[in-house]
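The values are calculated or read from the model by the stated rules, or taken from the named source; none is laboratory data. Source: prediction; values computed, not measured. Here the Cβ positions follow ideal geometry from the backbone for every residue, glycine too, while neighbour counts run over all protein chains shown. Calculation scope for accessible area: heavy atoms of the full protein, side chains included, ligands and nucleic acids excluded. Shrake-Rupley method; radii C 1.70, N 1.55, O 1.52, S 1.80 Å.
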Amino acid sequence: MSMGPGLFSDIGKKAKDLLTKDYISDQKLSISTYSDTGVALTSTAVKKGGLSTGDVGALYKYKNTLIDVKVDTGSNILTTLTLTDIVPSTKTIASLKFPDYSSGRLETQYFHQHATFTTAVALKQSPAVDLSITLGTPTFALGAEASYETATSKLTKYTAGISVTKPDSCAAIILGDKGDTIKASYIHHMDSLKTTAATGEITRRFSTNENTFTVGGSYAVDGLTIVKLKLNNHGNLGAVLQHEVIPKSLLTISSEFDTKALDKTPKFGVALALKP
């Protein structure tokens, strides 16, 4: 793949991940193993509220082909096939879910030195078509995405964005929700490993004149422990403690609560991911 501007979905992703990733509100246990044939097996159990679910997944890579099969407790089978460089500088991703065949999807990504293009089509009658294009370089990128519903012949979504990326920082502006919201974000990394960082994000919704401002950050206490915090202007405070209990295995503890309504029960989540 070329060193181009990246996908449209990458615009603003670093700041978004710092403010959302690992902030969980359920209990999750996952155990991964690897066979001699190169198959990665992962078993996951999740409890959210009074509902418990689970799944078993198998991941196998052979040359430029990646096969991912997942079976859950609801008797659903999700199969994802990823093919890289069938045509130079492309990636093709096909997904199919049984028994819900209508949720199938075929996506093609094309990477160029100064542009990326993606198209995705739902595998059903009168499918929705998603398109995105990004122009620029790894340092500066601008792009847009849109969704077209063939059944109604209407655009159901269109979004535009721009980003400026440096080795230790990234700024992005995204105009979304058919022009109803604008979001600006900035993230700055404090160390070479990019485990300690600070970020800020402001979102304005024009239809309601509502502004949401969120600040957050992560701090590496040591080589095994990371602490994350976030707070917005509505008083929602979140915290994450992540510790590597054994090599490659992570324990994540998360909590969120409303500082303006301390009588409400806070959200709490814990996850343990065990890997060999």
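Descriptive notes on the structure:
- In the full protein context, the chain carries 60 Å² of accessible surface per residue, based on a 1.4 Å probe and ignoring ligands, DNA and RNA.
- Whole-Hz Karplus values for segment 104-109 come out as x, 8, 10, 10, 10, 10 Hz, taken residue by residue from phi with 6.51 cos²θ - 1.76 cosθ + 1.60 and θ = phi - 60°; glycine and proline positions read x.
- Signed unit charges on C-beta, dipole axis of the chain, positive-most listed residue 125, 152, 253: 152
- Of 56, 221, 71, the one that fluctuates the most in a GNM where the chain has Cα springs shorter than 10 Å: 221
- The chain: relative contact order in percent, alpha carbon pairs under 8 Å with at least 6 residues between: 16
- If the Kirkwood radius is taken over C-alpha pairs of segment 65-186, then at 25 °C and 0.890 mPa s the Stokes-Einstein diffusion coefficient equals 149 µm²/s.
- Comparing 246, 174, 133 in a Gaussian network model of the chain, where Cα atoms under 10 Å apart are tied by springs, the biggest mean-square fluctuation is seen for 246.
- Candidates per trypsin sites (Lys or Arg not before Pro) in segment 220-276, loop by DSSP, up to 12 other Cβ within 10 Å: 248, 260, 264
- The chain - percent of accessible surface contributed by carbon and sulfur, probe 1.4 Å: 63
- Whole-angstrom gap from segment 1-63 to segment 130-198, using each part's C-alpha centre: 22
- Of the residues 190, 164, 176, the one whose Cα sits farthest toward the positive end of the charge dipole of segment 139-270, with +1 on the Cβ of Lys and Arg and -1 on the Cβ of Asp and Glu, is 176.
- Percent of Cα pairs exceeding the 26 Å cut-off, where the set is the chain: 58
- Principal semi-axes of the equivalent ellipsoid, √(5λ) from the alpha carbon gyration tensor of segment 202-246, are 32, 8, 7 Å from largest down.
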